[in-house]
Amino acid sequence: MPAALPSREGAERDFRRLLREHSLPEPDEVRPHEDGGILCLWHEEKLAVSVDLEPEGRSATPTE
């Protein structure tokens, strides 16, 4: 049985912890991403990081 995907809240918590552990600034804003993940934004730096919650090789939308 495949492991359960993390929630958006869990992904944000884990990403913020990763940033803190490496002395990096936390994002100014975190938005839900349409694919089910999250989008982390740093306004002044004009930087965005998309965190995908799907495991590698697995698509959120089935393809044929």
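Every number here is computed from the coordinates shown, using simple stated rules; none is lab data. Quick caveat: nothing in here was measured; it's all calculated off a predicted structure. When we count neighbours, we look across all protein chains shown, and the Cβ atoms used for this are built from the backbone with ideal geometry, even at glycine.
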Have a look at PRO32, ALA11, VAL49 and report the one farthest towards the positive end of the charge dipole of segment 8-51, computed about the Cα centre with Cβ charges (Lys/Arg +1, Asp/Glu -1). ALA11
So what are the three principal axis dimensions of segment 8-51 from its Cα atoms, in whole Å, longest to shortest? 28, 22, 11
Quick one: which residues, 5+ away or cross-chain, put their amide H under 5 Å from the amide H of HIS33? H built at 1.01 Å from N. ILE38, LEU39
Counting Lys and Arg as +1 and Asp and Glu as -1 over every other residue whose Cβ sits under 12 Å from the Cβ of SER7, the net charge comes to -1
